[in-house]
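Below you'll find the structure, written out as structure tokens, and then a few comments.
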Amino acid sequence: MSRRITAPGKIRVAAILGAMVVAGLVSTVNQPVASATNWKACLSGTTDRQAVFDRAAEISGVPAEVLLGVSFMQSRWDAHGAAPSTSGGYGPMHLTAVPDTRADPDPLGKGEEGHTRTTKPRVRSSTMDEETLRTLDAAAELTGLAPSRLKRDAVANVCAGAALIADYQADAGGATELDDWSAAVARYSGASNRATGLRFARQVFATIRSGESRTTNDGQQVSLAPVPAARVDVAAVDELDLLVADPGATDCPARLGCLSIPAPYEWFGEPEPGKYGNHDLADRPNDLDIDYILVHDTEATWDTTLDLVTTPTYLAWNYSLRSVDGKIAQHLDSSDVGWHAGNWYVNMHSIGIEHEGFAIEGASWYTETLYRNSARLVRHLARKYDVPLDRSHIIGHDQVPGTIPKTVRGMHWDPGPYWDWEHYFKLLGAPIKPGRRGRSDVVTVRPGFERNKQVVTGCEDGTCATQGTNFVYLRTAPSTDAPLVKDIGLHPDGSPSTTHVSDIGARAAAGHKFLVAQRRRHWTGVWYLGEIAWVHNPRRGRGRVLVPSRGKVVVTAGDEAVPVYGRAYPEESAYPEEIPYQEVTPLQYTIKPGQAYVVGDADPETDYYYAKTFNCELLALDCTEVEGEDAYLQIWFGHRIAYVRAADVEVRRGIRPRH
């Protein structure tokens, strides 16, 4: 079985410390300041975030461009009150406060039917106890400000972050030019290896080159004017003497500097050959196509994530990303099949990527460096394995269908309502945008994440904090007073869907495609889970959330409703006698005559991978792909993807069926 498994230019920084020199706070513009500064001056004045960055730059000696670039990469300039990220990061400067050990008392299971997971891993000593990941206390000591204030007060947080960068630069030497700050920026990332630190510095300086402007989650308008000549001083970063990773050990672009932390493939159930973990050997894409890249969040801290994936009796996925610095660890060769999706068919054909975070806590967990590193990894994998860069193939765990009716309700909902799919696809180079001019019956959801602040409940205090969301609600009638649509898989009693953070039953997320059934003024009715669901969609202006698109649709081939499936398994006659037939069981949903659903993939593979014995590559029977002739199509059906038999439907142009 094959296993695949020149010096930058300098620019002169404006003499931003001139006022400080006059005031006697510093003796020379070459020497940034830290603990010697009176930080009360930084706290005084307007709380306008743009002005705060400028004031902190003037007080600290750190160029405003550097402060803005670092903060954008860590938080996109957002403040989240006293709420930390998964890496313990607080405020616009993402100051971290990671304890010596971190354990999740009940990490959300990544269940996968048919495989044993019996042992809850112990939580070992923290791998995040580096001094560089305890920046909150260091910044507090430099400024004399209480750590509790740095957590909750955005102004103090920016001032303290500036103090920390200035202190790092003091260790690195004087700074008279913008690229002189490269080492301080790399160190601020908290990276322990060269590739991660250098990558963060390059991302910050790329942001400085291009400029940025956005409205933050708390309504602040912040801008960074472009500085086209900004470049990283690689030699300065090299002087930090960070660990150099072996790029040949992972399937990653070299600049990402991925670490190899292998998931164990071990037999632990003697004499039972099926007791092994935590993945299956295969030879993808030679035996199984790789059709999906699956976005998860870990629902656990970084340490617990690594404990889980390195425990033979648990489950495994291909990659994990850390929040604070975007560090990437690869656990499985892409040729092998991980246990992560909760649907064996999707596992067979997907690469699973876990992002450190808790979906319920919101966007503070998803840093800009996490988004960018993930997008770069996905671009690499999509290009290598020919995975289309669209929302039918780059999918969230929440889009994975249940396998049979009884598993639908237990399927996962990560990465949750606060993962910014629109931003992510821009980074992938495949923005979610109109697919055609003029009106179309096929539409794509594009809610505008930052301004789209839907009500979400179920957080600790009842209603979740107001912030950008990636979806719009669907209702049973064209009115904001109408109930949310029903999802009988999630609510078998027939009750409507809810606004609970984990309830995806009535959510049309960014990038999802639907066929228009009706239009009424500012409302659009689309086919959704067997019924018409209504989306508030003003025809003009910022409130428009459905954009014209292209695509084909499926309709019933006859006058009877047709079943919907959660996997595209072969017909019974395709199985050899020695391999048990995997029954193709319909889900509890149907497509009725007159309805239509958009095709996401017109030719998914019809197959089943039989690998139930440890070290199956030595036993041909126990490492077998069963291929069928019963063709399927993947469709958009509700919030999740689903499959229909090609023989049951007709494929038509994306126009409303006439009946």
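The values are calculated or read from the model by the stated rules, or taken from the named source; none is laboratory data. Being a predicted model, the structure only gives us computed values, none of them experimental. Note: ideal-geometry Cβ built from the backbone for every residue, glycine included; neighbour counts use all protein chains shown.
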### Query
Gly468 versus (1) closer than 29 Å to Arg550 by Cβ; (2) under 20 Å from the mean Cα position of the chain (by Cα); (3) at pLDDT 95 or above: which is the lone unmet condition?
(3)
### Summary
For strands (runs of 3 or more DSSP E) lying entirely in region 568-659, having 3 or more residues that are buried (at least 22 other Cβ atoms within 10 Å of the Cβ) picks out 597-601, 632-637, 640-645
## Note on the structure
Those strands (runs of 3 or more DSSP E) completely within region 493-562 that have 2 or more residues that are aliphatic (A, V, I, L, M) are 507-509, 513-520, 531-536, 546-548, 552-556
#### Entry: strands (runs of 3 or more DSSP E) wholly inside region 319-421 that include at least 3 residues being closer than 25 Å to Gly468 by Cα and at pLDDT 95 or above
350-355, 394-396
## Note on the structure
Flagged pairs (Cβ under 7 angstrom, 6 or more apart or on separate chains; first in region 562-574, closer than 24 Å to Glu531 by Cβ; second assigned to a loop (DSSP other than H, G, I, E, B) and hydroxyl-bearing (Ser, Thr, Tyr)) are Val564/Tyr589; Gly566/Thr403; Arg567/Thr403
#### Entry: Every residue from region 196-223 that is surrounded by fewer than 23 Cβ atoms within 10 Å (Cβ to Cβ), over 23 Å from the mean Cα position of the chain (by Cα) and at negative phi
Arg209, Ser210, Gln220, Gln221, Val222, Ser223
### Query
So which of Leu427, Leu377 is touching a Lys or Arg at 6+ places or on another chain (Cβ under 9 Å), over 30 Å from Gln582 (Cα atoms) and either surrounded by fewer than 22 Cβ atoms within 10 Å (Cβ to Cβ) or not acidic (Asp, Glu) (or both)?
Leu427
### Task
Looking for whichever is over 17 Å from Gly654 (Cβ atoms), at pLDDT below 95, in contact with a helix residue (DSSP H, G or I) (Cβ under 6 Å, 6 or more places away or on another chain) and not basic (Lys, Arg) here; the options are Thr624, Thr613. Which one fits?
Thr613
### Summary
Among residues of region 259-276 being crowded, with 17+ Cβ neighbours inside 10 Å, in contact with a Gly (Cβ under 9 Å, 6 or more places away or on another chain) and not basic (Lys, Arg), the residue nearest to Val378 (Cα to Cα) is Ala263
### Task
Would you mention how many residues in region 303-323 are within 25 Å of Phe268 (Cβ to Cβ) and either β-branched (Val, Ile, Thr) or buried (at least 24 other Cβ atoms within 10 Å of the Cβ) (or both)?
14
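Condition check ((1) more than 22 Å from Gly61 (Cα to Cα); (2) in a loop (DSSP other than H, G, I, E, B); (3) in contact with a helix residue (DSSP H, G or I) (Cβ under 6 Å, 6 or more places away or on another chain)) across all residues:
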residue: Ala184; (1), (2), (3): no, no, yes
residue: Ala191; (1), (2), (3): yes, yes, yes
residue: Gln203; (1), (2), (3): no, no, yes
residue: Asn217; (1), (2), (3): yes, yes, no
residue: Asp251; (1), (2), (3): yes, yes, no
### Query
Pairs under 9 Å by beta carbon, first residue among the acidic types (Asp, Glu) in region 201-229, partner at pLDDT 95 or above and in a strand (DSSP E or B), six or more apart or different chains?
Glu212/Val222; Glu212/Ser223; Glu212/Leu224
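Only one of these is farther than 30 Å from Asp607 by Cα, under 23 Å from the mean Cα position of the chain (by Cα) and of a type in the set (S, T, N, Q): Ser320, Ser260. Name it. Reasoning before the result, please.
Values: Ser320 fails: farther than 30 Å from Asp607 by Cα.
Residue meeting the stated conditions: Ser260.
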### Summary
Those residues of region 594-652 which are on the phi > 0 side of the Ramachandran plot and among the small types (Gly, Ala, Ser) amount to Gly594, Gly638
### Summary
Residues in region 260-307 that are at pLDDT below 90 and in contact with a strand residue (DSSP E or B) (Cβ under 6 Å, 6 or more places away or on another chain) total 2
### Task
Of the conditions (1) in contact with a Cys (Cβ under 9 Å, 6 or more places away or on another chain); (2) of a type in the set (Val, Ile, Thr); (3) surrounded by fewer than 23 Cβ atoms within 10 Å (Cβ to Cβ), Ile488 clears all except one; give me its number.
(1)
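So is Asp386 in contact with a Leu (Cβ under 7 Å, 6 or more places away or on another chain) and surrounded by fewer than 23 Cβ atoms within 10 Å (Cβ to Cβ) or not?
no
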### Message
Scan region 534-543 and tell me whether some residue there is over 27 Å from the mean Cα position of the chain (by Cα) and closer than 18 Å to Ile504 by Cα.
### Response
yes
### Query
Restricting the search to region 348-364, which residues are surrounded by 24 or more Cβ atoms within 10 Å (Cβ to Cβ) and acidic (Asp, Glu)?
Glu354, Glu356
